[in-house]
1. Just to be sure before I move on: is Gly120 at pLDDT below 95 and part of a loop (DSSP other than H, G, I, E, B) in the structure I sent?
2. Kindly list the number of the only condition in (1) modelled with pLDDT of 95 or more; (2) under 25 Å from Gly237 (Cβ atoms) that fails for Glu87.
3. Could you please let me know if Val212 is at pLDDT 95 or above, outside any helix (DSSP H, G or I) and closer than 22 Å to Gln266 by Cβ?
4. Name every residue in the stretch 116-155 that is farther than 16 Å from Ala211 by Cβ and of a type in the set (A, V, I, L, M, F, W, C), in order of residue number.
5. Report, by residue number, each residue of the stretch 25-44 that is touching a helix residue (DSSP H, G or I) at 6+ places or on another chain (Cβ under 9 Å) and either of a type in the set (Gly, Ala, Ser) or in contact (Cβ under 8 Å) with a residue 60 or more places away in the chain (or both).
6. Give the residues of the stretch 248-288 that are assigned to a loop (DSSP other than H, G, I, E, B), farther than 22 Å from Pro71 by Cα and of a type in the set (S, T, N, Q), sorted by residue number.
7. What number of residues within the stretch 224-236 are touching a residue at least 40 places away in the same chain (Cβ under 8 Å), among the aliphatic types (A, V, I, L, M) and surrounded by fewer than 23 Cβ atoms within 10 Å (Cβ to Cβ)?
8. Regarding the stretch 252-268, can at least one residue be identified that is closer than 28 Å to Ser153 by Cβ, buried (at least 23 other Cβ atoms within 10 Å of the Cβ) and within 14 Å of the chain's Cα centre (by Cα)?
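The values are calculated or read from the model by the stated rules, or taken from the named source; none is laboratory data. This structure is a prediction, so every number in the text was calculated from the model and none was measured. Because the Cβ atoms are built from the backbone with ideal geometry, glycine has one as well, and the counts that use them run over all protein chains shown.
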Amino acid sequence: MQHGSLPPAQNSGHAEKPAAEKAPQSLYGGVTSRRVTVRDLASAKQRGERWPMLTAYDAPTAAVFDEAGIPVLLVGDSAGNCHLGYENTVPVTMDEMVMMSAAVVRGTKRALIVADLPFGSYQESPAQALHNAVRLMKEAGVGAVKLEGGERSAAATELLVQAGVPVMAHLGLTPQSVHAFGGYPVQGRGDEAAHQLLADAKTAQSAGAFAVVLEAVPAELAVQVTASLHIPTVGIGAGVGCDAQVLVWTDMAGMTGGRVPKFVKQYADLRATLGDAARAFSADVIGGSFPAAEHTFH
């Protein structure tokens, strides 16, 4: 929606900003005429407003979350193990990320769409990171990218930001390093590890990142990092002291089979709901009650 210039305010030498440029009163449902931006997230940090983020990998699901008012959607490489059938996130390719990211962008109107740079798409060099980030922005239309690492990814982050690509950093438990970690252990325990994580967060901020994801770190450390940064922190298994919280949507909605991480709260049981629907459909087909007259053309 386009807005014309408003008349100058009374008793002021400055024209009032167009409505589309004003910071929203609230990220959750506060912006309806445009996409949420990284500036909105910075303003929320200053106001002390918490905000939610969910993953999304396809247009219909993204549309539901967008209509629900979720201000930021992450097209995560978590799709590898929760949608694509991989054991972990490592096998996810750039082509897969571009395809899923484009679908999420097409399914939404309001949310800021952040896409992961998958394993192997940025570790080689900052130039490689820029090439693949540009693909996500040009081919998929995302508004920002996310990459793992603080100090080790500082050069890539700096180059991307200089080129006009907003970057979200990811620290703590970084799933692309699953083989180096030997699993998914909590990160940042102990003085040395905590000091390194705090240093990584400050380095990411200095390199130009607009936000930092903190995954599976002690809550006390997350509070310290959040207080030390002027950019938002997004927690996942990092306690309530972060500026925002993110969950993988299939975990949040009860679609994940088997055990889920300790930090997950399930807000629905869609796995059971879909199973019940499939069994009801099967019974109707076997019994001959579907399709009925109202589902039939003559």
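1. Working: at pLDDT below 95: no; part of a loop (DSSP other than H, G, I, E, B): yes.
Judged against the criteria, Gly120 is not a match.
2. (1) is the only condition that Glu87 fails.
3. Details: at pLDDT 95 or above: yes; outside any helix (DSSP H, G or I): yes; closer than 22 Å to Gln266 by Cβ: no.
No: the conditions fail for Val212.
4. Here is the first cut: in the stretch 116-155, the ones farther than 16 Å from Ala211 by Cβ are 118-132, 134-141, 151-152, 155.
Of everything in the stretch 116-155, those that are farther than 16 Å from Ala211 by Cβ and of a type in the set (A, V, I, L, M, F, W, C) turn out to be Phe119, Ala127, Ala129, Leu130, Val134, Leu136, Met137, Ala140, Ala155.
5. Listed by number, the residues that qualify are Ser26, Gly30, Val31, Ser33, Arg34.
6. Of everything in the stretch 248-288, just one residue is assigned to a loop (DSSP other than H, G, I, E, B), farther than 22 Å from Pro71 by Cα and of a type in the set (S, T, N, Q), namely Thr256.
7. Qualifying residue count for the region: 1.
8. No, the stretch 252-268 contains no residue that is closer than 28 Å to Ser153 by Cβ, buried (at least 23 other Cβ atoms within 10 Å of the Cβ) and within 14 Å of the chain's Cα centre (by Cα).
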